[in-house]
1. Is it the case that region B:264-287 has a residue that's among the β-branched types (V, I, T), farther than 30 Å from B:K26 by Cα and modelled with pLDDT under 90?
2. Only residues that are in contact with a Phe, Trp or Tyr (Cβ under 9 Å, 6 or more places away or on another chain) and facing chain A (nearest Cβ under 7 Å): list them for region B:178-218, please.
3. Of A:L88, A:L176, which residue is surrounded by 20 or more Cβ atoms within 10 Å (Cβ to Cβ) and assigned by TED's automatic domain parsing to the domain that holds A:A302?
4. If you scan region B:209-222, which residues turn out to be under 15 Å from B:A141 (Cβ atoms) and either surrounded by fewer than 22 Cβ atoms within 10 Å (Cβ to Cβ) or in contact with a Leu (Cβ under 7 Å, 6 or more places away or on another chain) (or both)?
5. Suppose we keep only residues that are among the polar types (S, T, N, Q) and surrounded by 20 or more Cβ atoms within 10 Å (Cβ to Cβ) within region A:306-328. Which one would you say is nearest to A:I128 (Cα to Cα)?
6. Restricting the search to region B:27-68, which residues are touching a residue at least 60 places away in the same chain (Cβ under 8 Å) and touching a strand residue (DSSP E or B) at 6+ places or on another chain (Cβ under 7 Å)?
7. Which ones in region B:137-150 are buried (at least 24 other Cβ atoms within 10 Å of the Cβ) and more than 12 Å from every other protein chain (Cβ to nearest Cβ)?
8. Go through A:V169, A:V213 for me and flag whichever is within 17 Å of A:F231 (Cα to Cα) and touching a residue at least 40 places away in the same chain (Cβ under 8 Å).
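The values are calculated or read from the model by the stated rules, or taken from the named source; none is laboratory data. The structure presented is a predicted model; accordingly, all values stated were derived computationally and were not measured. Please note: Cβ atoms are built from the backbone with ideal geometry, for glycine as well, and neighbour counts cover all protein chains shown.
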Protein chains: 2
Amino acid sequence: MIIAVDGMGGDNAPEAVVEGCVEAVKELGVKIILTGPEELIKKTLSKYTFPSESIAVVNSTEVISPNEEPVKALKQKKDSSLVKALNLVKNGEADAVLSAGSTGALMAGATLIIGRIKGIKRVALAPIMPGKTNPFMVTDAGANVDCKPIYLLQFALMGKIYFENILKVKNPTIGLINIGSEEEKGNELTKETHKLLKSSNLNFVGNIEPRDVPSGETNVLVCDGFVGNTFLKTYEGVAGSIFSLLKTEIMSSLKTKLGGLLLKSVFDNFKRKFDYTEYGGSAFLGAKGIVIKAHGSSNSKAFKNAIKQAKDTYEQNIVGRITEELEKLDAGSINDTED
Amino acid sequence: MIIAVDGMGGDNAPEAVVEGCVEAVKELGVKIILTGPEELIKKTLSKYTFPSESIAVVNSTEVISPNEEPVKALKQKKDSSLVKALNLVKNGEADAVLSAGSTGALMAGATLIIGRIKGIKRVALAPIMPGKTNPFMVTDAGANVDCKPIYLLQFALMGKIYFENILKVKNPTIGLINIGSEEEKGNELTKETHKLLKSSNLNFVGNIEPRDVPSGETNVLVCDGFVGNTFLKTYEGVAGSIFSLLKTEIMSSLKTKLGGLLLKSVFDNFKRKFDYTEYGGSAFLGAKGIVIKAHGSSNSKAFKNAIKQAKDTYEQNIVGRITEELEKLDAGSINDTED
């Protein structure tokens with residue numbers, strides 16, 4: 001398997017990217033094509049020993065920053081490390097693309113350069129998060145801010161296939177993020193989506209209120225990208241505020257410092273447990289190729305994990321399974337709705 | 001000032017409600033009309049001493065539960081403690097209404113029984129939450145799941161008036177909850193709302209991502225009720241999960257138990273700080289009368305705090321100020337938009 005890696009994406013590029021790639025080819029037996037300024041990438045690679053045939057470099061002279069308008073950046077920076085990596089998948093020279101750079105540009109590229117699976121209305125961002133008891137998936141987590149019910153039904157189907165095959169949970173439960181547990185609660189989108197999910201053959205368990213999502217009792221949570229991103233960022237903000245305040249309070253007296261020392265293992269476990277970057281990258285589901293977004297602040301280990309995720313997605317044939325399952329779904333409910 | 005209190009609302013009714021009312025009349029010098037089964041309420045009242053002219057009882061035989069469909073419940077249960085309390089405000093016999101019962105029914109009653117201030121499109125739920133550095137308001141937090149930009153502009157105006165006069169923050173900052181900080185980010189609703197807020201004379205500081213809301217740096221956060229409720233419930237869920245896991249971990253060994261003991265004061269402070277029920281009730285802004293929702297699990301102290309909040313809202317003439325400010329707002333932007 002060959003993975004195209006955007007060598008210039010993320011806060012720690014290219015060092016952490018290159019190091020993660022070197023570890024991955026040695027441990028996972030994949031081949032990698034790194035995109036970026038050839039001289040810089042090769043110089044960084046020269047610090048490591050690895051089978052030379054396992055990593056190739058494709059030169060690129062531009063970099064897309066996370067602040068650029070995604071579609072414009074893709075069009076104007078044809079020689080960027082991201083566009084070059086996306087094109088490797090488009091042209092069949094690589095089986096997956098991975099970047100820790102601009103989420104928006106990667107998402108736009110998944111649709112505009114790689115393209116959607118036939119019948120899929122929208123590509124969705126689908127991170128896996130660490131729940132209190134089990135990990136859970138939120139999809140869409142920010143790719144599509146204005147959604148129609150049919151999109152959410154497709155997110156549920158794609159999430160199910162991914163969760164079942166990558167996280168090995170048979171017939172995972174599907175929940176609809178909603179502000180009330182009763183069927184008639186919510187806005188126009190959730191009310192219509194509820195009907196679609198209920199009449200599908202998915203393992204739909206009904207509306208799930210956001211307060212019950214972090215428990216991890218439901219496997220796949222569907223919502224529009226605005227709500228999913230709000231959930232994600234609130235999760236991050238609340239956990240971050242709690243941990244930073246806790247730290248300040250613990251450092252405030254000798255007694256509390258001692259208490260903090262005794263609980264160090266607890267806090268360390270905890271920070272890891274509530275750090276949603278732990279599960280490596282987020283998949284973009286619905287693209288014709290494998291597209292993985294690594295967190296912007298990824299270190300080499302996180303990169304290696306994201307590469308492992310791309311490998312699993314490839315070996316489990318997620319794209320092929322989505323294509324097949326889509327055909328099996330009631331054709332009427334998918335195709336009678338305009339785009 | 002006279003406050004109508006739904007004697008049967010909330011998990012701890014009528015005991016905690018009655019006790020909170022007794023404390024309030026003694027400490028705050030307000031008068032209270034309690035609604036509920038006369039015999040039961042009077043029997044509960046008989047446990048306390050208080051100036052007998054300060055609490056009256058209005059008999060009612062029905063109770064609306066939080067699971068009932070709000071509008072239907074209001075129509076069918078005319079003799080419920082909630083409808084009777086709402087009618088006291090409608091008929092000018094009380095200056096404010098307070099309930100810890102069904103949020104939906106109270107909200108529906110605020111619009112259908114008490115009515116909206118002239119020009120106000122929608123009544124909004126506006127809880128105050130404890131931030132890392134300062135308290136903040138989220139509005140709408142769940143009353144209106146499908147919104148138009150003009151509603152959000154009005155929520156901002158009402159939130160500003162409340163925050164300025166009750167929390168004593170001059171010209172409070174207004175933020176728009178959005179999934180990106182840049183002006184062009186978001187869905188159709190937030191993009192249009194951004195323009196309206198920017199051209200208003202409010203102290204608008206732009207889009208605020210949900211992860212930055214818990215810091216409390218921005219005073220009033222506006223959003224549609226679906227997003228606001230998602231924020232609120234995610235906040236609650238994440239904080240709850242963290243505290244419950246922390247408790248389990250601390251109890252797991254002698255060493256960590258000792259650490260927990262040394263940090264007891266820290267955790268106690270913390271639970272209080274992240275418990276959003278601490279700020280008493282949530283105001284429904286935009287109704288022609290004062291409508292306060294106390295948390296369902298309110299104890300007597302929380303009830304007393306909510307009564308204090310109703311008193312402050314009355315003394316600061318929030319309803320009158322909203323009415324006046326609405327007239328000052330650019331008439332075109334308010335009235336040219338259909339309901």
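1. Yes, that holds for at least one residue.
2. Matches in region B:178-218: B:I179, B:G186, B:N187, B:P210, B:R211, B:V213, B:P214, B:S215.
3. From the options A:L88, A:L176, the qualifying one is A:L88.
4. Across region B:209-222, the qualifying residues are B:V213, B:V222.
5. Step by step, filter region A:306-328, then rank; the result is A:Q309.
6. Answer for region B:27-68, where residues must be touching a residue at least 60 places away in the same chain (Cβ under 8 Å) and touching a strand residue (DSSP E or B) at 6+ places or on another chain (Cβ under 7 Å): B:V30, B:I32, B:I33.
7. Answer for region B:137-150, where residues must be buried (at least 24 other Cβ atoms within 10 Å of the Cβ) and more than 12 Å from every other protein chain (Cβ to nearest Cβ): B:M137, B:T139.
8. A:V213
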